[in-house]
Amino acid sequence: MNRIDSASLMTLEAYAKARPKFRAEVLAHKKNRTVAVGPNVTLIFEDELTIRYQIQEMLRIEKTFEEAGIQDELDAYVPLLPDGTNWKATMLIEFPEAEERKRQLALLRGIEHDVWVQVGGGARMAAIADEDMERSNDEKTSAVHFLRFELAAEMRAALRSGARFAIGIDHPAYRAQVSVNDATRAALVRIWPPDAQLGQAKNAPPGVFPNACPMPSARPSIIEPNRTAAISDMKIQDRTM
């Protein structure tokens, strides 16, 4: 995975020229990294290319060219890169009509803590949500959340070997699950580097993942709530192109 730092980013002028081709590349790349969980929730699984694009787009939108501002974007988004043992995803809650969206976000408080992944016949493992700050309050949840799925070596080995997996949500106001297709499974597996524990993991009984407990993240991102609307708008626009 290539390092994302200020030296590796394009200037605003260079990005303006490169953007049409780069954006098309990223949108094609995201196709098999985007999973709809029911009609109103979408997960976009991030990697180096998608996060680089996110940073370049935010710099473009905010016309940021000073070093301090660029570093702020890096500090916010680089921690959203997967760490080698996990998946990290942006969760979008989507209702087209403003009034319906407001009503549903009030009903869906805490939904970000009810997302799970299940590999083969193993136990469901809950995603870890919003490690930088809480995005639900007493009135509503946010339309954008940031999730981490921490996967044990045995789970990663099973997925590399072709195991099917499902993603679901069990919230009182929203229950849905989806069996993830092979193209998306293959794309998500490629996010991880070679696993030193792969040989050992192959000897585990099918569906038994003793080390599947989530581990704490060392570097949570800091994305202010007032910026999530811009993130949501950008990602939704990308998916409608």
Quiz item: Just one of the numbered conditions (1) modelled with pLDDT of 95 or more; (2) in contact with a Lys or Arg (Cβ under 9 Å, 6 or more places away or on another chain); (3) open to solvent by 20 Å² or more (accessible area, probe 1.4 Å); (4) not in a helix (DSSP H, G or I) is not true of ALA106; which one?
Solution: (4)
Quiz item: Can you name the strands (runs of 3 or more DSSP E) wholly within segment 1-97 that have at least 2 residues being touching a helix residue (DSSP H, G or I) at 6+ places or on another chain (Cβ under 6 Å) and of a type in the set (Gly, Ala, Ser)?
Solution: none
Quiz item: If HIS145 satisfies every condition in (1) under 14 Å from the mean Cα position of the chain (by Cα); (2) in a loop (DSSP other than H, G, I, E, B) but one, which is the exception?
Solution: (2)
Exercise. Take the residues in segment 163-186 that are touching a strand residue (DSSP E or B) at 6+ places or on another chain (Cβ under 6 Å) and not in a strand (DSSP E or B), then tell me which one is most open to solvent (accessible area, probe 1.4 Å).
Key: ALA163
Exercise. Could you identify the single residue in ASP83, ASP130, ASP75 that is closer than 17 Å to ILE51 by Cα, open to solvent by 50 Å² or more (accessible area, probe 1.4 Å) and either touching a strand residue (DSSP E or B) at 6+ places or on another chain (Cβ under 9 Å) or at pLDDT 95 or above (or both)?
Key: ASP83
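The values are calculated or read from the model by the stated rules, or taken from the named source; none is laboratory data. Worth saying up front: this structure is predicted, and the values here are computed from it rather than measured. Please note: Cβ atoms are built from the backbone with ideal geometry, for glycine as well, and neighbour counts cover all protein chains shown. The area values use the complete protein model at the heavy-atom level, side chains included, leaving out ligands, DNA and RNA. Shrake-Rupley method; radii C 1.70, N 1.55, O 1.52, S 1.80 Å.
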